[in-house]
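Let me begin by presenting the structure, written as structure tokens, before commenting on it.
The values are calculated or read from the model by the stated rules, or taken from the named source; none is laboratory data. Source: prediction; values computed, not measured. We place every Cβ from the backbone using ideal geometry, glycine too, and count neighbours over all the protein chains shown. Surface areas here come from the heavy atoms of the whole protein model, side chains and all, with no ligands, DNA or RNA. Shrake-Rupley method; radii C 1.70, N 1.55, O 1.52, S 1.80 Å.
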Amino acid sequence: MIELEDVSHSYCGAQLLSGISLRLQPGSFHFLTGPSGAGKTTLLKLCYAELRPTRGRVRLFGAELAGMDRDAVARTRRRIGVVHQDCQFLDHLPLAENVSLPLLVAGRDVAAEAENLRELLAWVGLQAQTDALPPQLSGGERQRAALARAVIMDPDVILADEPTGNVDWEMSLRILQLLVELNRMGKAILVATHDLNLIRAAKAQVAARVLRIKEQQLQQAGAEL
Amino acid sequence: MRRLAPLAALLAGDARADRVVPPSGFTAQLTRFTAGAMAFLTVFALALSLAAGRLADHWDEALARTATVRLSAAEGQMAAQTEAILEVLRTTPGVAAARAITDEEQRALLEPWFGPDLPVDTLPLPRLIEVTETEAGMDAEALRFRLAGEAPGAVLDDHSRWRRPLIEAAGRLRLLGWLAIGLIGAAMAAMIALSAHAALAANARVIAVLRLVGARDAFIARAFVRRFTRRALEGAAAGMALGMLAVALLPRADAAAGVLAGLGFRGTDWLVPLLLPPISAAVALAATRITAMRVLKGIT
Ligand SMILES: Nc1ncnc2c1ncn2[C@@H]1O[C@H](COP(=O)(O)OP(=O)(O)OP(=O)(O)O)[C@@H](O)[C@H]1O
Ligand SMILES: [Mg+2]
């Protein structure tokens, strides 16, 4: 569904990633690790077209990113659920409206999906916080809200950037549980994290592949995990 | 009317979609004020243009088919020459009627300048003969030539000499009025574009989030377009109402005062300013949309 072929990326001439190839198949579960600043977030941005590669090809659901106009990019993003490292909420809207934002911008009838929204918020354990503004939420609540927003359009792929970045171990496991459930529903999952314990915990439940960015390249990791 | 339907739908709006961009507080009032001030000024420019147009038409119609023969002659010659002139005019093609102005009428004409006690009969005043032309009009040059033969003291004034510059002046005034309206419209478009630009810049983060969750540029632009269109409509409606009130309350000078006396609206003229709010809304819509689509292109 998401294919990167020999992709390189540099910011203002500074090479960060080079020769990266990656395929996300339905039902797959990938972890992406690497030291801070290695380019994990950058790689995810290439996967949902926030960035275009400086070299190589990106294919999203069979379409070449290079040939997509702005509207096509917007429509493609609706099929990819993203949990951003910094969550990316609209701080002036209550939680429920932030979570249903993808429905609204896609022109769907938000009122008609109210039941769906309630179930989703219950699934991530936020049914009591629907009217809270994002700045009033705890880190873990924000991460779960971001996950809820990522899945509300029922996407085939979910990209999560440090979804357990600022929460305790118990909450990390809870978020992992939600991701595993989504994977069991057949969704492709890619999680960027540097939490090796989280990866170990996941491997006990799903057949996850672990990729690592090292010296601009993408490597298969795993033996030591 | 059909073209206004999408505008109405846009203004009715979608409360939920509008909320994605946070409310902007006092700058909203500035947009309303600008639109209001512009509409107010436009009402006056309109009044000026319409009055100038009316004046030009009036002069054109009232004076187009009249001429005057002015006769200066010695006391004894006056009556005979007047008769000769009237005879010439009777046989001139294109002259519908000719009539000598009486002493009483002459006194009435001069009264505003010299007072009621003017001894008209003792003054060496020229005799005036009023000529009304037919639809086809007369050949002024030929008539002048004949008059020179029959009555050497007669001068034909077909009014065109002073009528033309007056009509030209009125026409120019009307043109200036429309030009002013055009400039006011353009200035409003520019100001709306500027404030839309500022609003887009202030909401850069909101826009980035909307793009990330899959919003098309058109969706984002609409949220801004709706706001600015509605504000322009409200402001222009208020400005128009105040402008019309001010025109209605203008003191009525009497007819002799020319353009200024005519400044105002007559009859159906009053309907013209009612177009200002929808036109302002349309201008705001276009200005905001063009600005938004342009700015959005620069955001991933
Ligand atoms: N827009 C940008 N312009 C220039 N440099 C950038 C930009 N975004 C990221 N970088 C640089 O690219 C490098 C990789 O950034 P990236 O966010 O992909 O790292 P990361 O692996 O996600 O790190 P972390 O684990 O801390 O989230 C960093 O050195 C960062 O400074
Ligand atoms: Mg990162």
- [ ] Identify the residue in region A:52-89 that is among the β-branched types (Val, Ile, Thr) and more than 13 Å from chain B (Cβ to nearest Cβ) and, among all such residues, is farthest from ligand 1 (Cβ to nearest atom).
- [x] A:58
TODO: Could you pull out every one of the helices (runs of 4 or more DSSP H) wholly within region B:1-113 that has 2 or more residues that are modelled with pLDDT under 80?
DONE: B:4-12, B:15-18, B:26-64
Open item on the list: So residue A:42 passes all but one of these: (1) within 20 Å of residue A:188 (Cβ to Cβ); (2) part of a strand (DSSP E or B); (3) open to solvent by less than 40 Å² (accessible area, probe 1.4 Å). Which condition number does it fail?
Closed with: (2)
Open item on the list: Please pick out the residue among B:139, B:121 that is touching a helix residue (DSSP H, G or I) at 6+ places or on another chain (Cβ under 7 Å) and open to solvent by 50 Å² or more (accessible area, probe 1.4 Å).
Closed with: B:121
Task: Residue ranges of helices (runs of 4 or more DSSP H) in region B:128-246 with at least 2 members more than 14 Å from chain A (Cβ to nearest Cβ) - done: B:140-150, B:160-202
Open item on the list: Show the residue pairs meeting these rules: Cβ distance below 7 Å; 6+ apart or different chains; first residue within region A:188-210 and within 27 Å of residue A:79 (Cβ to Cβ); second residue among the acidic types (Asp, Glu) and within 16 Å of ligand 2 (Cβ to nearest atom).
Closed with: A:192/A:161; A:192/A:162; A:193/A:162
TODO: Mind telling me which of the residues A:209, A:149 ends up being basic (Lys, Arg) and in contact with a helix residue (DSSP H, G or I) (Cβ under 7 Å, 6 or more places away or on another chain)?
DONE: A:149
TODO: For region A:212-225, indicate whether the set of residues that are under 24 Å from residue A:141 (Cβ atoms), surrounded by fewer than 19 Cβ atoms within 10 Å (Cβ to Cβ) and at pLDDT below 90 is non-empty.
DONE: no
- [ ] Mind listing whichever residues of region A:34-51 are away from every other protein chain (no Cβ under 14 Å) and either free of Cβ contacts under 8 Å to residues at least 24 places away in the same chain or away from ligand 2 (no atom under 11 Å from the Cβ) (or both)?
- [x] A:37
Open item on the list: I'd like to check something: does region A:24-31 contain any residue that is away from ligand 1 (no atom under 15 Å from the Cβ), open to solvent by 10 Å² or more (accessible area, probe 1.4 Å) and polar (S, T, N, Q)?
Closed with: yes
